[in-house]
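Student: Quick one: the structure is below, and I'll ask about it shortly.
The values are calculated or read from the model by the stated rules, or taken from the named source; none is laboratory data. Since this is a predicted model, take the numbers as computed values, not measurements. Here the Cβ positions follow ideal geometry from the backbone for every residue, glycine too, while neighbour counts run over all protein chains shown.
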Amino acid sequence: MKNTLSDLNNHLFAQIERLADEDLDEAGLDREIKRTVAMEKIARSIIDNGSLALEAKRFVDDYRTGDTVAIPLLGIKGDTQ
């Protein structure tokens with residue numbers, strides 16, 4: 001598995017296709033629903049994490065005034081003054 005939002009999107013659409021499989025019996029559908037719930041929770045965490053990182057990057061870009069701002073999540077160390 002790769003680690004891009006595009007890959008995540010592809011996995012989510014593949015799961016939608018599995019849910020739409022009309023040949024699934026009740027047990028298979030229950031299994032896919034459980035898988036979907038798990039995937040949704042993980043996907044939400046990944047998306048929230050990406051949104052936070054993007055928000056932090058925008059903040060740095062908007063408010064940096066020559067000083068380096070520390071944002072550990074993005075690997076930005078900042079000044080140690």
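Student: Could you give every pair whose Cβ atoms fall below 7 Å, whose first residue belongs to the range 38-58 and is over 19 Å from Leu12 (Cβ atoms), and whose second residue is surrounded by 12 or more Cβ atoms within 10 Å (Cβ to Cβ), counting only separations of at least 6 or pairs across chains?
Tutor: Ala53/Leu74; Ala56/Ile71; Ala56/Leu74; Lys57/Leu74
Student: Here are Leu54, Leu24, Leu29: which of them is out of contact with any Phe, Trp or Tyr (no Cβ under 8 Å at 6 or more places or on another chain), surrounded by 11 or more Cβ atoms within 10 Å (Cβ to Cβ), not polar (S, T, N, Q) and not in a helix (DSSP H, G or I)?
Tutor: Leu24
Student: Identify the single condition in (1) among the β-branched types (Val, Ile, Thr); (2) in a helix (DSSP H, G or I); (3) out of contact with any helix residue (DSSP H, G or I) (no Cβ under 9 Å at 6 or more places or on another chain); (4) modelled with pLDDT under 90 that Thr65 does not satisfy, given that it satisfies every other one.
Tutor: If we test Thr65 against (1) among the β-branched types (Val, Ile, Thr); (2) in a helix (DSSP H, G or I); (3) out of contact with any helix residue (DSSP H, G or I) (no Cβ under 9 Å at 6 or more places or on another chain); (4) modelled with pLDDT under 90, just (2) comes out false.
Student: Could you grab me the full set of residues in the range 1-12 that are assigned to a helix (DSSP H, G or I) and exposed (fewer than 10 other Cβ atoms within 10 Å of the Cβ)? Talk me through it step by step, then tell me what you get.
Tutor: Just the residues of the range 1-12 that are assigned to a helix (DSSP H, G or I), to begin with: 5-12.
Result: Ser6, single match.
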